[in-house]
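Structure record follows, encoded as structure tokens.
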Amino acid sequence: MLDRLDKRIVAQLQKDAAISNAELAERVGSSGPSCWRRIRQLEEAGVLGRTVRLADQALLGKSVNMICSVRMRTFEAENVSAFESFIASETCVLECFSMSGEWDYLLRVIASDVADYEQFLMRRLLKHPSVAGASSHLALRVAKYETAIPTD
């Protein structure tokens, strides 16, 4: 269970992971050594994962966001494992959710344009032996995008 100081540390690091330990300690009302120890403990507990920098996908030439629903042929363990391994290897797939309901998986796929997405869909995804079908939805714009998990 995280205490209030741990939660403040996590909240600050989610806003700016490049912040110095001294600045972090000041912002959360703690000492530098205490913050450092708590960060290490949060990392060891798995609360804090790797440190990354968020990139602008449009400036990197990947301005198209597609939401793709996938239906599986079967749910045999080896098919599910093969599909999830395939998805993990596809760099254009940023998120993959196993779903309940009408569709089995929901993917967020980025592409440089619709033709680029079509290449992924027609030549890779739909050719995978465990995939029965897919439905694609073009995101017109991103109305909200957050990476920080609420700590309250």
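Starting from segment 75-88, keep only residues that are part of a helix (DSSP H, G or I), then list their pairs with residues that are surrounded by 14 or more Cβ atoms within 10 Å (Cβ to Cβ) whose Cβ atoms are within a distance under 6 Å, requiring at least 6 positions of separation or different chains.
N79/S130; A82/S130; F83/S130; F86/H128; I87/V93; I87/C96
How about segment 57-74: which of its residues are hydroxyl-bearing (S, T, Y) and either part of a loop (DSSP other than H, G, I, E, B) or not assigned by TED's automatic domain parsing to the domain that holds D104 (or both)?
S63, T74
With respect to the numbered conditions (1) surrounded by 16 or more Cβ atoms within 10 Å (Cβ to Cβ); (2) farther than 30 Å from M122 by Cβ, which one is the sole condition not fulfilled by S69?
S69 satisfies all of (1) surrounded by 16 or more Cβ atoms within 10 Å (Cβ to Cβ); (2) farther than 30 Å from M122 by Cβ except (2).
Which condition does A17 not pass, out of (1) farther than 23 Å from A143 by Cβ; (2) assigned by TED's automatic domain parsing to the domain that holds M122; (3) among the aliphatic types (A, V, I, L, M), if it passes all the others?
(2)
What about S98, is it in contact with a Cys (Cβ under 9 Å, 6 or more places away or on another chain), surrounded by fewer than 15 Cβ atoms within 10 Å (Cβ to Cβ), modelled with pLDDT of 95 or more and not basic (K, R)?
For S98, the condition - in contact with a Cys (Cβ under 9 Å, 6 or more places away or on another chain), surrounded by fewer than 15 Cβ atoms within 10 Å (Cβ to Cβ), modelled with pLDDT of 95 or more and not basic (K, R) - is not met.
Under 9 Å between Cβ atoms, at least 6 apart or on separate chains: pull out the pairs that start in segment 5-32 with a residue that is surrounded by fewer than 18 Cβ atoms within 10 Å (Cβ to Cβ) and end on any residue that is in a helix (DSSP H, G or I) and among the hydroxyl-bearing types (S, T, Y).
Partner pairs satisfying both residue conditions: L5/S34.
Working only within segment 68-88, note down all residues that are of a type in the set (D, E) and under 15 Å from the mean Cα position of the chain (by Cα).
Matches in segment 68-88: E84 only.
Among the residues of segment 142-152, which ones are basic (K, R) and either assigned by TED's automatic domain parsing to the domain that holds M72 or more than 18 Å from the chain's Cα centre (by Cα) (or both)?
Result: no residue meets the conditions.
Tell me which residues, restricted to segment 42-56, are free of Cβ contacts under 8 Å to residues at least 12 places away in the same chain, surrounded by 10 or more Cβ atoms within 10 Å (Cβ to Cβ) and assigned to a helix (DSSP H, G or I).
Within segment 42-56, E43 is the sole residue that qualifies.
Across segment 89-135, what is the number of residues that are part of a helix (DSSP H, G or I) and under 13 Å from the mean Cα position of the chain (by Cα)?
So the answer is 0.
In segment 98-117, is there at least one residue being among the basic types (K, R) and under 24 Å from R141 (Cα atoms)?
Within segment 98-117, the subset among the basic types (K, R) is 108.
If we keep only those that are under 24 Å from R141 (Cα atoms) too, we end up with 108.
Among the residues of segment 98-117, at least one is among the basic types (K, R) and under 24 Å from R141 (Cα atoms), which makes the answer yes.
The values are calculated or read from the model by the stated rules, or taken from the named source; none is laboratory data. Here the structure is a predicted model, which means the values were calculated and not measured. With ideal geometry, Cβ positions are generated from the backbone for all residues, glycine too; neighbour counts draw on all protein chains shown.
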